[in-house]
Amino acid sequence: MFSRKQIEFLAAFLVNGAVLIGQPGRADDAKPAADKKTVNDKVKEIAGTSEFLRSVPKHFATLKNVDRTQLRVTLLIEGEKLPKVWPLVPDAEIKRAGWWARLDQLPINDRVWVWFETDRHQQPRAVSMICDELSEQEIHGGGVVLENCSGNELTLKPSVGKNRTIHADKSEVFRDLAKSKLEDLKKGEKLYVQTTGESARLILDAEAFANRKADQKAALRKIWTDKGLPGTVVFLHRFSGEMDFMLDHEAMRWGRSLKPGDAVRLQTPVPIAAAVKQVSPWRERTELRLVVAAADLGDLTPGQRLALHMTPPPAEVDRAVLPPDLDRPRAKAERIEWFLASVYCPCGVNGDTCTGDFYTLASCNPNACGMPQHMRQVIAGKIDKGLTDRQIFEEILKEQGPDLLRQHLRP
């Protein structure tokens, strides 16, 4: 056991001695310069400057089968001769009509756009994102251009790739809410087109696409209400009754509308009641610190996929332009990171390259792109001027444009 005087000496050393270490003229000044690299320098040595999306294999394919129970899809990738069964990563992004979806909402035999997760040798091993053509066309800038219409054949100019000629004799055509005809299509106009094989199944103008997206939002709202929000158990403190739960990207708005003290429920064979202690954005995800009965933690394991049930927020939360957790009390550094986790990258880098175009600016590699640090400085300056979150959002939206608040890629 230490004596009281020894304890007092140790405490004084930890407080005062730690301050002395590293001051000019001390022995540690003789360390080589290599030991004084910045955090970013050290990170760069290991991670490099590559952007995640640059190396992600992305392919169009025909969806041949769906196994929702096993979370698998059968795909015939364009350019290949045989279909192949692919697993989906547990938190794969699935999109339909420009909004998040469930696997069984994607029609069989439709053309889809697929991203693949790879191993360390860059070999595809699982699907990380799958969406219909309507979603891909919105992500790349809002539809395809009708280059030519000859009888029942349409030539389309996509934002990415070569022109494509398809048959349209069996297609449904919509303008806003009304059905239309092929002959009413105008050369040069932008359309949203879903194909099956080499034939158009659905042709929409911008208003009709917006209606489909609104329908999909309503469908997901019902799914979230009835079946909960998807997420992952990331940490359990078995003896304190606390746990961390990470909500998927699609749950950004609902998850960030939660406040400390709100009651939620984890969907297990015997549902687990919980109270929200803390809500924190983490890149495009939302981390919840939950308080539960300590005994209930025995049914959970880190990495476990679960649905989280909550009281649905008002419909205005889904319709609002700005985040629902606007202007909550936060320290300056926390506010800056909250902004980066709430916006998508506004830079002009072309190609399916910029991680922050699809996963929020907080996910960008600062060694590959100057935009994250630039936006941190911009937001810090506006905070120093005393602006509220709402005022800052209004200013940066004017400066950067509407892509700031939606997933997008530049062709």
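The values are calculated or read from the model by the stated rules, or taken from the named source; none is laboratory data. Note that the structure is a prediction, hence the values are computed from the model and not measured. Cβ: placed from backbone, ideal geometry, glycine included. Neighbour counts: every protein chain shown. The accessibility values were calculated without ligands, DNA or RNA, using every heavy atom of the protein model including side chains. Shrake-Rupley method; radii C 1.70, N 1.55, O 1.52, S 1.80 Å.
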**OP:** Give the residues of region 103-140 that are of a type outside the set (A, V, I, L, M), over 18 Å from Arg212 (Cα atoms) and either outside any strand (DSSP E or B) or touching a helix residue (DSSP H, G or I) at 6+ places or on another chain (Cβ under 8 Å) (or both), sorted by residue number.
**Re:** Asn109, Trp113, Thr118, Asp119, Arg120, His121, Gln122, Gln123
**OP:** Go through region 294-319 and give me each residue that's open to solvent by less than 40 Å² (accessible area, probe 1.4 Å) and part of a loop (DSSP other than H, G, I, E, B).
**Re:** Leu300, Pro313
Subject >> Whichever residue in region 329-339 is more than 18 Å from the chain's Cα centre (by Cα) and in contact (Cβ under 8 Å) with a residue 24 or more places away in the chain and, among such residues, is surrounded by the fewest Cβ atoms within 10 Å (Cβ to Cβ) >> reply: Lys332
Subject >> Residue list for region 329-372, filter: farther than 25 Å from Trp99 by Cβ and either at pLDDT 90 or above or assigned to a helix (DSSP H, G or I) (or both) >> reply: Pro329, Arg330, Ala331, Lys332, Ala333, Glu334, Arg335, Ile336, Glu337, Met371, Pro372
**OP:** Any residue in region 242-271 that's closer than 22 Å to Asp296 by Cα: show its pairings with residues that are assigned to a helix (DSSP H, G or I) and among the hydrophobic types (A, V, I, L, M, F, W, C) at Cβ separation under 7 Å, as long as the two are six or more apart or on different chains.
**Re:** Met243/Leu297
Original post:
Can you find a residue in region 349-371 that is surrounded by 14 or more Cβ atoms within 10 Å (Cβ to Cβ), farther than 22 Å from Val234 by Cβ, more than 17 Å from the chain's Cα centre (by Cα) and among the β-branched types (Val, Ile, Thr)?
Top reply: yes
**OP:** Looking only at region 161-175, count how many residues are surrounded by 15 or more Cβ atoms within 10 Å (Cβ to Cβ) and either out of contact with any Asp or Glu (no Cβ under 8 Å at 6 or more places or on another chain) or not hydrophobic (A, V, I, L, M, F, W, C) (or both).
**Re:** 4
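Kindly establish whether Ser171 is over 15 Å from Ala97 (Cβ atoms) and either under 21 Å from the mean Cα position of the chain (by Cα) or among the small types (Gly, Ala, Ser) (or both). Reasoning before the result, please.
Details: over 15 Å from Ala97 (Cβ atoms): yes; either under 21 Å from the mean Cα position of the chain (by Cα) or among the small types (Gly, Ala, Ser) (or both): yes.
Yes: the conditions hold for Ser171.
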Original post:
Going through region 218-267 one residue at a time, which ones are in contact with a His (Cβ under 9 Å, 6 or more places away or on another chain), of a type in the set (S, T, N, Q) and either open to solvent by 60 Å² or more (accessible area, probe 1.4 Å) or part of a strand (DSSP E or B) (or both)?
Top reply: Gln267
**OP:** Out of Asn148, Asn163, Asn152, report the one residue that is out of contact with any Cys (no Cβ under 8 Å at 6 or more places or on another chain), of a type outside the set (Asp, Glu) and under 23 Å from Arg410 (Cβ atoms).
**Re:** Asn163
**OP:** Evaluate region 259-278: report whether one residue or more is β-branched (Val, Ile, Thr), more than 20 Å from Met129 (Cα to Cα) and touching a Pro at 6+ places or on another chain (Cβ under 8 Å).
**Re:** yes
Subject >> Qualifying residues in region 165-178 (those that are modelled with pLDDT under 95 and charged (D, E, K, R)) - the one nearest to Leu154 (Cα to Cα) >> reply: Asp169
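Give me the strands (runs of 3 or more DSSP E) completely within region 141-191, filtered to those with at least 3 residues that are free of Cβ contacts under 8 Å to residues at least 12 places away in the same chain and of a type in the set (A, V, I, L, M), ordered by residue number. Walk me through it before giving the result.
Details: elements: 144-150, 153-157, 164-167, 172-175, 178-180.
Answer list for region 141-191: none.
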Original post:
Of everything in region 386-399 that's open to solvent by 30 Å² or more (accessible area, probe 1.4 Å) and in contact with a helix residue (DSSP H, G or I) (Cβ under 9 Å, 6 or more places away or on another chain), which residue is nearest to Ala331 (Cα to Cα)?
Top reply: Leu387
Original post:
Can Val291 be described as open to solvent by less than 80 Å² (accessible area, probe 1.4 Å), in contact with a Lys or Arg (Cβ under 6 Å, 6 or more places away or on another chain) and not acidic (Asp, Glu)?
Top reply: yes
Original post:
Condition test on Thr286, is it among the hydroxyl-bearing types (Ser, Thr, Tyr), open to solvent by 30 Å² or more (accessible area, probe 1.4 Å) and modelled with pLDDT of 95 or more?
Top reply: no
Original post:
Ala210 versus (1) more than 30 Å from Pro271 (Cα to Cα); (2) in a helix (DSSP H, G or I); (3) open to solvent by 80 Å² or more (accessible area, probe 1.4 Å); (4) without any contact (Cβ under 8 Å) to a residue 24 or more places away in the chain: which is the lone unmet condition?
Top reply: (3)
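Here are some residues: Leu288, Leu326, Leu322. Which one is within 29 Å of Ala218 (Cβ to Cβ) and not in a loop (DSSP other than H, G, I, E, B)? Reasoning before the result, please.
Numbers: Leu326 fails: not in a loop (DSSP other than H, G, I, E, B); Leu322 fails: not in a loop (DSSP other than H, G, I, E, B).
Result: Leu288 is the single residue among Leu288, Leu326, Leu322 that is within 29 Å of Ala218 (Cβ to Cβ) and not in a loop (DSSP other than H, G, I, E, B).
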